[in-house]
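In what follows, a structure is listed as structure tokens, so that the remarks can point back to it.
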Amino acid sequence: MAVQVHDAPEGYYVHQMAHFSFAVALVFLLYLLHVRPVGTGKAWRLFRLSLIFFLLWNTWTFTAHWFADQLPREAFTTPASLWTNRLIPQLSPTALLYYITRFDHFLCLPAIWFLLQSLKTFCLDITRKNEMAGEDHE
Amino acid sequence: MSNGLPLLPIYLVDFGGSLLMIVLALSALRHAIRLVRMEKDNVLWTYILWLSGALVTFSISRSVAHVLKYVLVLTGYPEIWSQLSPFCGGLNSLILVSIAVLTNYYYNMHNVIKRIEEDTCSLSLAHEQLKDAHAELRDLNLDLEQRVEKRTRQLQLSEEKFRGLFESSKDMILFCGLDNRISDINESGREILGYESREEIIGRPLVSYFAEEEKWPLFNCGLGSQGHVKDFEVKFLRQDDTRLYLMITASRIANEKGKVKGYELIAKDLTHFKEVTDQLIQSENMASVGQLAAGVAHEINTPLGIILGYSQLLMEDFAEDSEVHEILATVEKQTKACKRIVADLLKFSRHSVGGTQAPVDINTCIQDVLSIVEHSLNMDHIYVQRVLAEKIPEIVINVERLRQVLVNMINNAHHAIGKEGIVGVWTRFNEHCQEVEIIIGDTGCGIPPEVITRIFDPFFTTKGVGKGTGLGLSVSFGIIRDHGGYIEVHSPPVDKEVLAAGMNTAFHVILPREPQSGQSKEDES
């Protein structure tokens, strides 16, 4: 009993749990930023938007993993050719939803984009603040 | 659709999106680092860096795995990807959990930031308060400096005024402490008291300058009871023991709490005024006595003439060796003595020079007189000290009258000395006043203060009965007055040269160089 054996589904569960904890953390962070904001302005709005998109992407991906788990193993054949690979011939709603959720980059790209814009705006705000402080000193 | 859905769009979106994610994530990481570098001390940016870093790491890890997957599959190494895939998935899971854990730190971060903000606010408030306090202190300091400067100017002005008044006053001003010792005195005070420096006076008790010690309690009592003394007349002693006649006004000095610190004293020197007043009184007395004497002399002169005439006529009727003749001779002699007295009285009272006036050399006149009386003086071991100034102009005067004045004064000096002494004679010419001064001093006993004001009174004499008529100085006074001059007497002398010669009394005869106009008219009449 000292050493437990970890079989194949454990990786899936761990990953899904990670997604879940990530989602909870993001919800918690968004809640805190709402009730106890440390700042306002465009940069913080972009930052919150980034978190929202990360949350959406996380949920989206979680669903994709779940749909993937629902599909039979035969549906995922080792690709002989990336150009000709296709999803299982018998389409089901699950397979179709899986197919759609695989386009998760349409959510994670905006998330990282908003994060970048947020950081840029933070830098710009600081630069302006320093310039104004410099003018005040003069 | 029978062939299923093509996976190529998914692969393309995955591959392209992953590459784009890597670029965007690296750019975001760069900005996060830049943000921290811009404000190194900002703990919020540090947290954002960590959070962004975790998100970026996850994005890169995931995207690299996707790209690697396609590269390995396309390059014919799908089995390698099959081995790497669990690691990549596990790593992604780990990063997701890490982000979740890191997110929870926001709460602590928020508290830290809040605490920092509170501290900052508190410090800012303290800084503002300190700034205000500093500004207020600076204003106060500036105001204080201005006040001090203004007050200093006022004090300086006051000090200058006071010092000017103190130093330039011709009256004596002095300050005494509670011990009645002089703490300060002005220059006039030093001069009036006849000292060389103020230090000789400062520290001495005020009472030591009171010539009449019985007046000190009166002065002190008045000052103590009323707080001030006004117009208090007192005689002060100078350094040379001569006396000053002062009028004192003194007031106590008290601080703000009313505690007496001493007193200030202002003294006006009335010595000269007193002398002039005494002389005026004397002159008035002389005038009154002169009128009386003239009346009496006139009334007595006629009977005396008749007595003398009849006694001389009767003497011719009796033999010279007869008893009656001797009695008549005595009557004649005494009558003549009476007539001489009457004549002297008339000389004193008569307001005319009489006789012939001519230019006379004073020094020659004095030598003539001394040649007559010096033998008599020498008999009593009295010697004459002559200090006769040269180039004294001649003055118009009745020389016989002047000789009479000089003889009177030298005889008085002789009488004052008795035996063994010096009679000093000085002559001077005051060009400014055009006056000639003759000083006759003696080393005799001096004249007591209570007597000095009466010596010119007719019939006043300190000589024994029968030794003097008391008319000598009266007649001399009248003669000099008739010539437009005056006589001063000082005992002890005030003239330093005379005092240095050892004289105890000095008579100053002052005569104008030219007879006064009023006097000439009188002479003509």
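Bear in mind these aren't lab numbers, they're just calculated from the coordinates by the rules spelled out. In this text the structure is predicted, and so the values were computed from the model without any measurement. As a convention, Cβ positions derive from the backbone with ideal geometry for all residues, glycine included, and neighbour counts pool all protein chains shown.
Figures for the structure shown
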{"item": "Residue B:162 versus residue B:407: modelled label distance in nm, points set 7 Å from Cα along the beta carbon direction", "result": "6.6 nm"}
{"item": "Cβ-defined net charge surrounding residue B:358, 11 Å radius [Lys, Arg +1; Asp, Glu -1]", "result": "-3"}
{"item": "Local electrostatic count, residue B:205, Cβ distance below 10 Å [Lys/Arg +1, Asp/Glu -1]", "result": "+1"}
{"item": "In order through segment B:252-267: 3J(HN,Hα) via Karplus (6.51 cos²θ - 1.76 cosθ + 1.60), integer Hz, x for Gly, Pro", "result": "6, 10, 10, 7, 4, 8, x, 7, 6, 9, x, 8, 10, 9, 10, 10"}
{"item": "Those lysines that a straight Cα-Cα span of less than 16 Å connects to residue B:235, excepting residues fewer than 8 apart in one chain", "result": "B:215, B:268, B:274"}
{"item": "Entries of A:120/B:131; B:230/B:259; B:161/B:496 with Cα pairs more than 29 Å apart", "result": "A:120/B:131; B:161/B:496"}
{"item": "Interchain or long-range residues, amide H under 5 Å from residue B:254's placed H", "result": "B:261"}
{"item": "FRET E, pair residue B:154, residue B:450, Förster distance 60 Å, beta-carbon r, rounded to 0.05", "result": "0.70"}
{"item": "Cross-link reach list, aspartates and glutamates versus residue B:336, counting only Cα pairs under 16 Å and skipping chain neighbours closer than eight places", "result": "B:299, B:326, B:344"}
{"item": "Quotient of Cα Rg and 2.2 N^0.38 Å for segment B:118-195, N being how many residues it contains", "result": "2.23"}
{"item": "Charged-residue dipole, Cβ positions (Lys, Arg, Asp, Glu), the protein assembly as shown about Cα centre, Debye nearest 20", "result": "5860 debye"}
{"item": "Intensity falloff of the protein assembly as shown expressed as log10 I(q)/I(0), Debye formula with alpha-carbon point scatterers, at q = 0.07, 0.11 Å⁻¹", "result": "-0.73, -1.15"}
{"item": "Qualifying GluC sites (Glu not before Pro) for segment B:165-267 [loop in DSSP, other Cβ within 10 Å: at most 15]", "result": "B:196, B:212, B:213, B:214, B:256"}
{"item": "Environment charge of residue A:117, counting only residues whose C-beta is closer than 13 Å and scoring Lys/Arg +1, Asp/Glu -1", "result": "+3"}
{"item": "Full-extension gain in nm, residue B:225 to residue B:183, via 0.36 nm per residue minus C-alpha separation", "result": "12.9 nm"}
{"item": "Cα convex hull of segment B:275-349 - mean projected area over all directions, nm²", "result": "5.7 nm²"}
{"item": "Size of charge dipole - chain B - debye, nearest 20, with Cβ of Lys, Arg +1 and Asp, Glu -1, no other charges", "result": "4000 debye"}
{"item": "If the convex hull is drawn through the Cα atoms of segment B:322-434, its volume per residue in Å³", "result": "160 Å³"}
{"item": "Average other protein chain Cβ within 10 Å of Cβ, residues B:417-426", "result": "0"}
{"item": "Pair-distance profile P(r), taking every C-alpha pair of segment B:358-524, with 10 angstrom steps and integer %", "result": "10, 40, 38, 11, 1"}
{"item": "Segment B:177-193 - phi-based ³J(HN,Hα) in whole Hz, Karplus 6.51/-1.76/1.60, Gly and Pro as x", "result": "x, 5, 7, 6, 9, 6, 9, 7, 8, 7, 5, 5, x, 4, 5, 4, 7"}
{"item": "In Hz, Karplus ³J(HN,Hα) per residue of segment A:103-116 (6.51, -1.76, 1.60; θ = phi - 60°; x = Gly, Pro)", "result": "8, 6, 5, 5, 10, 6, 5, x, 4, 5, 5, 5, 5, 4"}
{"item": "Residue among B:384, B:425, B:195 farthest towards the positive dipole end of chain B, charges placed on Cβ", "result": "B:195"}
{"item": "Intensity falloff of chain B expressed as log10 I(q)/I(0), Debye formula with alpha-carbon point scatterers, at q = 0.06 Å⁻¹", "result": "-0.57"}
{"item": "Within 10 Å of each Cβ in B:16-23, the average number of Cβ atoms from other chains", "result": "3"}
{"item": "Unit charges on C-beta of K, R, D, E only; dipole of segment B:8-137, Debye", "result": "540 debye"}
{"item": "Rg over Rh, two decimals, segment B:193-319 (C-alpha only, Kirkwood Rh)", "result": "1.44"}
{"item": "Long-range amide H partners of residue B:396 with built H, under 5 Å", "result": "B:360"}
{"item": "Quotient of C-alpha Rg and 2.2 N^0.38 Å, computed over segment B:8-137", "result": "1.63"}
{"item": "Shielding by other protein chains, A:52-64, mean Cβ within 10 Å", "result": "1"}
